[in-house]
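Some notes on the structure that comes next.
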């Protein structure tokens with residue numbers, strides 16, 4: 001696995017923040033409140049399904065929910081590319097060891113015209129059998145809507161540390 005430099009992660013976060021800012025303007029200019037709410041609820045449901053599969057080690061479902069060319073940027077482990085690499089990492093490092101919950105009130109969703117949506121928030125990781133070991137991290141997911149199917153294409157997971 002190739003590691004990214006801090007400056008490369010910062011550049012990626014800057015690009016994503018510009019995308020989000022552009023998405024926010026799209027919401028303000030074009031999308032109705034009903035459309036914004038529908039997108040929010042859709043991505044919230046996709047997030048719940050993705051992490052239900054993650055937490056229960058449903059690798060088949062998890063694999064279907066991410067793109068073949070997934071790019072996963074992690075502040076501690078670097079860049080991982082590809083669905084197979086991602087699913088294998090979950091199988092070897094997460095299954096039976098970690099569950100995830102979305103921290104209430106942190107979810108943000110913005111449209112990306114012609115592509116899908118960007119989702120941001122904070123998630124908490126629990127380690128069954130070790131109740132004192134709870135971590136948190138911020139995340140950004142790019143969701144692509146193609147042929148009626150939502151898939152995660154890019155992930156940035158950063159600022160990992162003990163839960164607040």
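Values for this structure:
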| item | result |
| --- | --- |
| Candidates 19, 26, filtered to the one that is at pLDDT below 95, surrounded by 16 or more Cβ atoms within 10 Å (Cβ to Cβ) and either under 14 Å from residue 158 (Cβ atoms) or out of contact with any helix residue (DSSP H, G or I) (no Cβ under 9 Å at 6 or more places or on another chain) (or both) | 19 |
| Members of region 94-122 found to be within 13 Å of residue 136 (Cα to Cα) and in a loop (DSSP other than H, G, I, E, B), listed by number | 98, 103, 104, 106 |
| Index of the failed condition, residue 34 passing every other in (1) at pLDDT 95 or above; (2) out of contact with any strand residue (DSSP E or B) (no Cβ under 8 Å at 6 or more places or on another chain); (3) on the phi < 0 side of the Ramachandran plot | (1) |
| Any chance residue 87 is surrounded by 15 or more Cβ atoms within 10 Å (Cβ to Cβ), in contact (Cβ under 8 Å) with a residue 24 or more places away in the chain and more than 30 Å from residue 35 (Cβ to Cβ) | yes |
| The one condition in (1) within 24 Å of residue 35 (Cα to Cα); (2) part of a strand (DSSP E or B) that residue 157 fails to fulfil | (1) |
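A quick yes/no check of all residues on (1) assigned to a helix (DSSP H, G or I); (2) out of contact with any helix residue (DSSP H, G or I) (no Cβ under 9 Å at 6 or more places or on another chain); (3) under 19 Å from residue 100 (Cα atoms):
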| position | (1), (2), (3) |
| --- | --- |
| 31 | no, no, no |
| 36 | yes, no, no |
| 43 | yes, yes, yes |
| 46 | yes, yes, yes |
| 54 | yes, no, yes |
| 61 | yes, no, yes |
| 67 | no, no, no |
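The values are calculated or read from the model by the stated rules, or taken from the named source; none is laboratory data. All of these numbers come straight from a predicted model, not from anything done at the bench. Quick reminder, even Gly has a Cβ in these numbers, built from the backbone with ideal geometry, and neighbours come from all protein chains shown.
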